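All remarks here apply to the structure that follows.
Bear in mind that the values in this text are calculations on the coordinates, not laboratory data. Every value quoted in this text rests on a predicted model; they were computed, and no experiment measured them. Here the Cβ positions follow ideal geometry from the backbone for every residue, glycine too, while neighbour counts run over all protein chains shown.
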Amino acid sequence: MNESISQSEPPPNSEERTMALFANLVVQQTNMALMFLGRVPHPESGEPVRDLNAARMFIDQLEMLETKTKGNLDKREEALLKQSLTSLRMAFVEAVNEEPSAPPKKEPAKAATAPPTAPAGAREPASAPGESSTEAESRKKFSKKY
């Protein structure tokens, strides 16, 4: 009975196939970023993975895709991409804020003495004259790109 239903349905046209492939790409990139943010367990090990640089790369790729396809997407594709980027940016900020103050064990000892650095692409605002260091630090916390 199901075979007759599937046989009577016309095959997807080129536009439908392209839309499905685009949605699949966005979802794959989003899932990879979430995995590297520690939000989704690694599919093989089942353990959380935390690699903010890798997550940032996947977010950057989706941003590039958004820029390059601007004006060429239908409303559903545009909404999927925008929603994915918004949730990833929020997850990235949460992951950065959860980051332990001690450096990971894999980094060389000299990195432990260096001041912590902001993620790639984050800009630190210049402190205004007469501004205390605590005010400048507070400002840095809330000036992340994501």
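One table, with the values for the structure above:
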quantity: Sum of side-chain charges, residue 35 neighbourhood, beta-carbon under 12 Å (Lys, Arg +1; Asp, Glu -1); calculated: -1
quantity: Cα gyration tensor, segment 2-97 - rounded (a/c under 1.5), prolate or oblate; calculated: oblate
quantity: Length released on extending from residue 61 to residue 97, taking residue separation times 0.36 nm less the Cα-Cα span; calculated: 10.7 nm
quantity: Label-point gap, in nm, between residue 47 and residue 90 - each point 7 angstrom along Cα→Cβ; calculated: 3.0 nm
